[in-house]
Amino acid sequence: MSWEEELFAYLDDLEGQASALYAAERAPELADRSREEYRSVTLAGRLMATVEHDVTLDVLGVGPVTGRVARVASGWCLVGGAGQDWVVGLDAVAGVHGASERAVPEVAWPASARLGLGAALRRLADSGEPCSVHRTDGRRHDGTLARVGADFVELASGTGGRLVLVALAHVSAVQSRG
């Protein structure tokens, strides 16, 4: 081997060692950046990536809700199950089984996904469909949604259409009965 080949081999070896040291020093920084970025991922973002997939949600006051994620929006999701749909408040979701490994950031959501839980319940009220309003404390009210206020839902239930007001902050899920 000529002196030039030895010199280039030596320099290649040094460059390889330098690259390995740089990668070793940089690995913790990349891991920190990755953890820092992941802090901005929301449950809603993970569920948005799970649209059209089957999941089981552990919902406060209800228990497991199994079905296909049909829609996700600000603070709620729609899960289609066997013969019924569930509008689930994300604040009442204690766990998710079967979620996508990915997430969709809110900036990539369609404009309709910015509508809150009240908008979804107004649509259900307009349909006049019978439903069950499940509260986070486990109580349930059966009837028909009449109107939706700023922070409550009005449910006509029982004989004579007796009105029950339920604070939106305590609605864990609304189950269609149609």
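Taken together, the values in this text are just the output of simple stated rules run on the coordinates, not laboratory data. The model shown is predicted, which means the values in this text are computed figures rather than measured ones. Because the Cβ atoms are built from the backbone with ideal geometry, glycine has one as well, and the counts that use them run over all protein chains shown.
Tell me the mean residue ellipticity at 222 nm calculated for the chain from its helices only (DSSP H runs of n ≥ 4, each -39500 (n - 2.57), averaged over every residue, nearest 500). Write down the numbers at each step before the final one.
Numbers: 3 runs with 53 residues, N = 178.
Rounded to the nearest 500, it is -10000 deg cm²/dmol.
Order of 48-61, 108-121 by packing, highest average Cβ count within 10 Å first?
Details: 48-61: 17.7, 108-121: 15.1.
The peptides rank, most packed first, as 48-61, 108-121.
If you plug each phi of region 78-90 into the Karplus form 6.51 cos²θ - 1.76 cosθ + 1.60 with θ = phi - 60°, what whole-Hz ³J(HN,Hα) values come out, in order, with x for Gly and Pro?
Each residue's phi maps through the Karplus curve to give 10, 10, x, x, 5, x, 7, 10, 10, 9, 10, x, 5 Hz.
What are the ³J(HN,Hα) values, in whole Hz, obtained from phi via the Karplus relation 6.51 cos²θ - 1.76 cosθ + 1.60 with θ = phi - 60°, for each residue of region 108-123 in sequence order, with x given for Gly and Pro?
9, 6, x, 4, 5, 6, 8, 6, x, 4, x, 5, 5, 6, 4, 5
Give me a comma-separated list of calculated 3J(HN,Hα) values for region 37-45, in order, Karplus coefficients 6.51, -1.76, 1.60 applied at θ = phi - 60°, integers in Hz, x for any Gly or Pro.
Coupling constants for region 37-45: 4, 5, 4, 8, 6, 9, 4, 4, x Hz.
Can you pull out the GluC sites (Glu not before Pro) in region 75-178 that DSSP calls coil and that have at most 11 other Cβ atoms within 10 Å?
On the way: sites: Glu101, Glu106, Glu154; in loops: Glu101.
Of the GluC sites (Glu not before Pro), the ones in loops of region 75-178 whose Cβ has at most 11 other Cβ atoms within 10 Å are Glu101.
Enumerate the amide H contacts of Leu163 below 5 Å, restricted to partners 5 or more residues apart or on another chain; note that Pro and chain-start residues carry no placed amide H.
Amide H to amide H, under 5 Å and 5 or more residues apart or across chains, Leu163 pairs with Ser157.
Going by amide H atoms built from the backbone, whose H comes under 5 Å of the H on Ala173, apart from near neighbours?
Gly89, His134
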